[in-house]
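Heads up: the structure comes next, in structure tokens.
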Amino acid sequence: QGENLLYCFEVAPMQPALTQVTQCRTEGSTRGLAAVPRLALDVMACEVLRVLQLTDTALVPVSFLVPRKSVQEFHEDLFPDCTGMLPATDAQGWWAGDSQQVGRVSLHPARRPTETFTSPIIAGTGHTDTSHTDADTGHTDADQTSGYSSPSSLASPGSAATSLSASTGPSSGFASSPSQKSLQSILGPSSRFRHAQGRVLHRDCHLTNLRGLSLTTPGECDGFCANHQRVALPLLSAGGQIAVLELSKPGRLPDAAVPTIQNGAAVADLAWDPFDPRCLAVAGEDAKIRLWRIPEGGLRETLQEPEAVLRGHTEKIYSIRFHPVASDLLVSSSYDMTVRIWELSAGREVLCLQGHTDQIFSMAWSPDGKKLATVSKDGRIRLYEPRRSSQPQQEGPGPEGGRGARLVWVCGGDYLLVSGFDSRSERRILLYRAQALPEGPLSVLGLDVAPSTLLPFYDEDTSVVFLTGKGDTRVFLYEVTPEPPYFLECNSFTSNEPHKGFVFLPKTACEVREVEFA
């Protein structure tokens, strides 16, 4: 009494027993306080608590709201059934040992019993006719417009503008809360990595003065590729030239031409061998795959002779992927609608996977190397076990839009994350159980409307997926979990300039002392 600060704590049976959720500064000093019964709360605005403050001259309602994306539906998790208005027993019954409890009633507006509180300002009148109910809903709207509360923030009468929630996502919670764990009961889960910060490293680490880059690589290609030692960049000049730059020598490149690989055909996709940092595979638009070996210490002169050429596809190639477990295994997809697996040591094709009826947007090996997943323009996701059969082991419905798609294995290889478009060109991500593709996606999350396909990169240690498209400036981050709500939003990263390509270095490149994880 006599103060103008109102603290809101959460009480839990384990440590920390008391955690502060928020505090709000009121206009007048408090002479008395009372909580409004739960039956009078505006549940559709996610109001979880309303306190009446008595000041010297007024009675002021202070409303506490939980930020939720949707305020159209009733949130069962915020409003369990509460104690009703009918007594469970009478005085004689209680003395005689009757220990029945008062019956519980639902707070859902459609399931309300008739004896709800229906006073225009505060509960307790006990009317049951409907005209008062209308007056009640009219009042809560007026209450919101008068600046006492806004559905997206936890606000107070004097501070309707100071929203405590930076974003109203389902995972954001109260942005200022120190006790995210104990709040999960109210707010739903949030990601442990929601405060991950993307940071551009110092200019001393950049490679600058890049010239004549090819920015027209197909949508199935990431634009360039990197390993822990060097990057390979397709160039615009004729003959499918590729620049190979050493990451150990950052700084400004000379104005003179740098030594290149002369691929002989325009580059469709390129990839470093994960087990041999000097071996680069390049898929050409002439339906051939060429393997190049970079000399120790990097390119010093132009390379013209590949180590090997893989022939077998009849039309130009979409993409190539190295096997994550076995050396000398490469898979490629092509316009001839086949997926072929190559053994590099022998320089030959060992298996041709069938079953596609249209363009193959993307393919990915499972982390254990047993399965290969593909997503195609025909709207299907297919799962192969190449050691067992050249036909798909199972298939299921993919993204509707035919503009492009990518897929990546998540959650220890038990789930597939697919990024694609819906029929209205909205970019979205879909999560599938790898064992149950025909059942369709477990969860679909729409992100934004943009023309380029989102390229997903998954960090298996933290289960965070990074998504961005060529020409975007924003990188979305989500933690992927195998249980609902499946996608937990983290801080996104925005760069100053649009990116033309985006690749991640191996985990060994991270500065772990700085807690860098990607």
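Remark on the chain: hydrodynamic radius 27.2 angstrom, per the Kirkwood mean of 1/r across alpha carbon pairs.
Where in segment 454-482 does the amide nitrogen come within less than 14 Å of the point 7 Å from the Cα of K507, taken along Cα to Cβ? Of the residues in segment 454-482, 458-465 have backbone N under 14 Å from the label point off K507. Diffusion of segment 1-108 by Stokes-Einstein, at 20 °C in a medium of 1.002 mPa s and with Rh set to the Kirkwood radius over alpha-carbon pairs, works out to 128 µm²/s.
Just want to confirm a number: the relative contact order over the chain, from Cα pairs under 8 angstrom separated by 6+ residues, in percent.
Result for the chain is 8 percent.
Quick check: net charge around L505, other residues with Cβ under 12 Å of its Cβ, Lys/Arg +1 and Asp/Glu -1?
Surrounding charge for L505 is -1.
Couplings 3J(HN,Hα) for segment 258-264, derived from phi with the Karplus relation 6.51 cos²θ - 1.76 cosθ + 1.60 (θ = phi - 60°), are 8, x, 10, 9, 8, 6, x Hz, where x marks Gly and Pro. For the residue pairs K288/K507; K370/K500; K371/K500; K377/K500, the alpha carbons lie more than 25 Å apart in K288/K507; K370/K500; K371/K500.
Gain in length, Q393 to N496, computed as 0.36 nm per residue apart minus the alpha-carbon separation, to one decimal in nm?
32.7 nm
Extension gain, Q92 to E385: 0.36 nm times the residue separation minus the Cα-Cα distance gives 98.1 nm.
The DSSP beta bridges internal to the chain are antiparallel in roughly 95% of cases. When a 1.4 Å probe is rolled over the protein heavy atoms, the share of accessible surface on the chain that falls to carbon and sulfur comes to 52 percent. Per the Debye formula on identical point scatterers at the alpha carbon atoms of segment 5-65, with no solvent, log10 I(q)/I(0) at q = 0.16, 0.21, 0.27, 0.28 Å⁻¹ is -0.60, -0.92, -1.14, -1.16. Only helices enter this figure: runs of n ≥ 4 DSSP H residues, each worth -39500 (n - 2.57), summed and divided by the residues of the chain, yield -1500 deg cm²/dmol at 222 nm to the nearest 500. Computed across segment 403-517, the Kirkwood radius stands at 14.8 Å (inverse of mean 1/r, all Cα pairs). Placing a pseudo-label 7 Å from each Cα along the Cα-to-Cβ vector at D378 and A346 gives an inter-label distance of 2.8 nm.
Treat every Asp and Glu Cβ in the chain as -1 and every Lys and Arg Cβ as +1, leave all other atoms uncharged, and give the resulting dipole magnitude about the Cα centre to the nearest 20 debye. Please list the in-between numbers first.
Details: 46 positive and 59 negative charges, 271 e Å.
With Lys and Arg at +1 and Asp and Glu at -1, about 1300 debye.
Per residue, the solvent-accessible area of segment 204-353 (1.4 Å probe, heavy atoms of protein chains only, all protein chains present) comes to 44 Å². Each peptide among 401-414, 285-298 gets the average number of other Cβ atoms lying within 10 Å of its residues, and from highest to lowest they stand as 401-414, 285-298. Put simply, the amide H of L213, placed in the peptide plane, has neighbours under 5 Å in L236, leaving out anything fewer than 5 places away on its chain. Check cross-link reach from K470 to the aspartates and glutamates: straight Cα distance under 13 Å, and skip same-chain residues fewer than eight apart. Answer for K470, where 13 Å is the Cα cut-off: E220, D222, E497, listed by chain and number.
Using the Karplus relation 6.51 cos²θ - 1.76 cosθ + 1.60 with θ = phi - 60°, the per-residue 3J(HN,Hα) values for segment 292-309 come to 10, 10, 7, x, 3, x, x, 6, 10, 9, 5, 9, 10, 10, x, 5, 7, 10 Hz, with x marking Gly and Pro. Along the Cα-to-C-beta direction of F275, a point sits 7 Å from the Cα; which residues of segment 371-401 have their amide N less than 17 Å from that point? Correct set: 371, 387. Under 14 Å from a label point 7 Å along Cα→Cβ of T216: give me every residue in segment 253-279 with its amide N that close. In segment 253-279, the label zone of T216 (backbone N under 14 Å from the point 7 Å along Cα→Cβ) covers 266-268. What segment 355-511 shows is 42 Å² of accessible area per residue, with the surface traced by a 1.4 Å probe over protein heavy atoms. Using θ = phi - 60° in the Karplus curve 6.51 cos²θ - 1.76 cosθ + 1.60, the 3J(HN,Hα) couplings for segment 457-464 round to 10, 10, 9, 6, 6, 9, 6, 9 Hz; x is entered for Gly and Pro. Were the residues from L253 through R31 laid out at 0.36 nm apart, the gain over their Cα-Cα distance would be 72.7 nm.
For segment 204-353, the relative contact order is 16 percent, taking Cα pairs closer than 8 Å that sit 6 or more residues apart in sequence and dividing their mean separation by the residue count. Spatial offset of segment 465-518 relative to segment 310-386 amounts to 26 Å, using the alpha carbon center of each.
The values are calculated or read from the model by the stated rules, or taken from the named source; none is laboratory data. Small disclaimer: the values here were computed from a predicted structure and weren't measured. As a convention, Cβ positions derive from the backbone with ideal geometry for all residues, glycine included, and neighbour counts pool all protein chains shown. Surface areas here come from the heavy atoms of the whole protein model, side chains and all, with no ligands, DNA or RNA. Shrake-Rupley method; radii C 1.70, N 1.55, O 1.52, S 1.80 Å.
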